[in-house]
Every structure is written in C-alpha cells, then in structure tokens.
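Data block below; observations after.
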Amino acid sequence: MADETKDAGVVESAVDERRRWVAEVYDPFRERARRDLFLSLAVFCNQNRPEAGYYFEFGCHGARTMRLAYDAFHALFDWSYVACDSFAGLPEPAGIDRHPGWRRGALCTTEEDFVRTVVGHGMAREKLITVPGFYQQSLTPELRDQLLPVRAAVIFVDCDLYESAVRVLEFSRHFLTRGTVLVFDDWFCFCGDPERGERRAFREFRQRHPRLRFEDFVQGSEVKAFIYLGEDG
C-alpha cells in the first residue's frame with residue numbers, strides 16, 4: 001500500500017511539473033511567436049502599403065488572433081476587421097479531414113462571446129464585421145459584392161480543414177491586391193503532409209489559377225505566409 005501511495009505521488013508530481021512547464025515555457029513561446037508574426041505583418045504592410053482596407057480572418061475561435069491583429073495594426077492602419085466563422089465549432093470532419101483532435105462542434109466560440117471579447121479589447125464595434133455560418137452557406141457572391149471593392153491587406157486562414165480552406169481561398173481570391181499577405185495558421189497539421197489540409201487546398205488553388213503569383217514570406221513552427229504579387233501578364 002505504501003509503495004502504491006509513493007508511486008501515485010511520483011506520477012502526480014510529474015504531472016504537476018509538466019503543467020508548470022507548459023504554462024511557463026511552452027504557452028509563452030507560442031504566444032510570442034504569434035505576436036511576432038503579426039508584428040512582422042505590420043512591418044511589411046507599413047513599408048509596402050498595399051491598397052487595401054480589410055484584415056480577413058477565417059476561423060476565429062477564442063478571438064486570440066483577432067486581438068493580436070488589432071494590437072499590431074490599429075495604430076498604423078484604418079482597416080476594418082472581417083471575422084468569418086461558423087461560431088458553432090467545426091463541421092463534421094470527413095475523408096482526408098479526419099483528425100484525432102478534431103470533432104464536430106469543437107473549437108466553438110459564439111458570435112456574441114467573440115464580439116464581446118474583441119470590443120472589450122478595444123476595437124470599435126463599427127470596425128468589426130462578423131460573418132457567421134459554415135463557409136458553404138456564408139461565403140456567398142452576395143457577401144463578396146457587399147464587401148467589394150475594398151481589398152484585403154492580410155488574409156488569415158485558420159480553418160483547419162481542407163474542405164473549408166478550399167472555399168475560403170476561392171472567396172478570398174476576389175480580395176487579393178498586390179501586397180496582400182496570405183497566412184495559413186495550420187500549415188503543418190497532418191505532420192506537414194502536402195496532400196492534406198491547407199497545404200493541399202493552396203496547391204490546388206494555385207493550379208486552378210496559374211496566373212496568380214505568390215512569393216514566400218515568413219514561416220514559423222505552425223504558420224506559413226505568402227505575399228500576393230499580382231497576375232502574370
């Protein structure tokens with residue numbers, strides 16, 4: 001009995017140590033990396049001044065990246081911030097989108113909570129546009145026409161799934177202008193498999209639209225960004 005109690009204590013101590021390390025080292029590293037990413041985007045946009053007025057975000061759970069975007073951009077640019085999300089969590093992952101960490105309804109932040117968090121962080125409500133719904137219903141030609149002719153300075157794709165990324169890229173195509181930065185937050189999901197997730201969606205997007213030119217930009221342990229250069233010819 002004494003040995004069992006001792007073993008349990010050792011396990012509990014190891015769990016506590018792991019939690020402390022995650023809280024003190026791992027999580028702060030990820031937060032710094034994300035903050036540095038958005039500051040890199042701010043530097044690029046401030047130096048190059050793309051003729052655009054939107055920050056687009058596809059996948060907005062927790063409002064963390066939207067707040068980082070606002071912190072990095074609002075002092076330099078008078079942009080509007082467009083948040084596209086189901087606000088009901090993930091759709092049912094199917095086919096190549098199946099992943100042990102994802103299930104229907106996961107990563108859910110309600111629209112009300114999202115708006116409250118972002119506005120509470122300091123963003124003026126009139127600068128925030130929310131587009132609720134799964135992308136096959138929400139990213140419509142009517143929405144496209146409503147938001148045009150303003151283009152996007154930054155498009156942040158954090159929608160995890162291949163099927164979602166396909167729809168996001170086709171919608172976003174209309175908002176590209178020279179200097180738009182396209183950022184993929186889940187670039188290395190599925191162990192970086194180019195036949196899955198956002199990587200496959202972007203490769204096929206470029207195959208469908210071969211005249212669109214992109215240049216590699218910043219990359220981190222989770223993200224990959226590209227600069228849109230315009231169309232050939």
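The values are calculated or read from the model by the stated rules, or taken from the named source; none is laboratory data. Being a predicted model, the structure only gives us computed values, none of them experimental. Virtual Cβ from ideal backbone geometry, glycine too; neighbours counted across all protein chains shown.
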Item to complete: Could you give me the residue pairs with C-beta distances under 6 Å whose first residue belongs to the stretch 206-233 and is surrounded by 15 or more Cβ atoms within 10 Å (Cβ to Cβ), whose second residue is in a loop (DSSP other than H, G, I, E, B) and among the β-branched types (Val, Ile, Thr) wherever it lies, and which are 6+ apart or on separate chains?
Response: Tyr228/Thr180
Worksheet item: Given the conditions (1) in contact with a Phe, Trp or Tyr (Cβ under 6 Å, 6 or more places away or on another chain); (2) crowded, with 17+ Cβ neighbours inside 10 Å, which single one is not true for Phe188?
Response: (1)
Discussion item. When you scan the stretch 178-198, do you find a residue that is out of contact with any strand residue (DSSP E or B) (no Cβ under 8 Å at 6 or more places or on another chain) and within 17 Å of Val43 (Cα to Cα), even just one?
Written reply: no
Discussion item. Please count how many residues of the stretch 71-86 are in contact with a strand residue (DSSP E or B) (Cβ under 7 Å, 6 or more places away or on another chain), over 24 Å from Phe134 (Cα atoms) and not hydrophobic (A, V, I, L, M, F, W, C).
Written reply: 0
Item to complete: Please work out which residue is surrounded by the fewest Cβ atoms within 10 Å (Cβ to Cβ), limiting yourself to the stretch 106-126 and to residues that are in contact with a helix residue (DSSP H, G or I) (Cβ under 6 Å, 6 or more places away or on another chain) and in a helix (DSSP H, G or I).
Response: Arg125
Worksheet item: Consider Val131 against the criteria (1) under 12 Å from Cys60 (Cα atoms); (2) buried (at least 17 other Cβ atoms within 10 Å of the Cβ); (3) touching a Phe, Trp or Tyr at 6+ places or on another chain (Cβ under 8 Å): it satisfies all of them except one. Which criterion is unmet?
Response: (3)
Item to complete: Could you please let me know if Ala153 is closer than 19 Å to Ile129 by Cα and small (Gly, Ala, Ser)?
Response: yes
Worksheet, complete the sentence: Within the stretch 137-162, residues being crowded, with 20+ Cβ neighbours inside 10 Å, on the phi < 0 side of the Ramachandran plot and at pLDDT below 95 number 4
Worksheet entry | When residues of the stretch 204-233 are limited to those that are of a type in the set (A, V, I, L, M, F, W, C) and in a strand (DSSP E or B), the one nearest to Val157 (Cα to Cα) | Ala225
Item to complete: Name the residue, out of Phe156, Phe188, that is among the hydrophobic types (A, V, I, L, M, F, W, C), farther than 27 Å from Phe77 by Cβ and not in a helix (DSSP H, G or I).
Response: Phe188
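Hey, does the stretch 180-190 have a residue that's in contact (Cβ under 8 Å) with a residue 12 or more places away in the chain, closer than 24 Å to Val218 by Cβ and among the charged types (D, E, K, R)?
yes
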Item to complete: Looking only at the stretch 191-203, decide whether some residue is part of a loop (DSSP other than H, G, I, E, B) and without any contact (Cβ under 8 Å) to a residue 12 or more places away in the chain.
Response: yes
Discussion item. Whether any residue in the stretch 69-81 is at pLDDT below 95, under 30 Å from Arg196 (Cα atoms) and not acidic (Asp, Glu) is what I want to check.
Written reply: no
Worksheet item: Exactly one of (1) on the phi > 0 side of the Ramachandran plot; (2) surrounded by 13 or more Cβ atoms within 10 Å (Cβ to Cβ) is unmet by Arg49. Its number?
Response: (2)
Worksheet item: Is there a residue being at pLDDT 95 or above, more than 23 Å from Ala33 (Cβ to Cβ) and touching a His at 6+ places or on another chain (Cβ under 9 Å) anywhere in the stretch 175-198?
Response: no
Worksheet entry | Answer residue from the stretch 78-99, given it is part of a strand (DSSP E or B) and small (Gly, Ala, Ser) and is surrounded by the fewest Cβ atoms within 10 Å (Cβ to Cβ) among those | Ser80
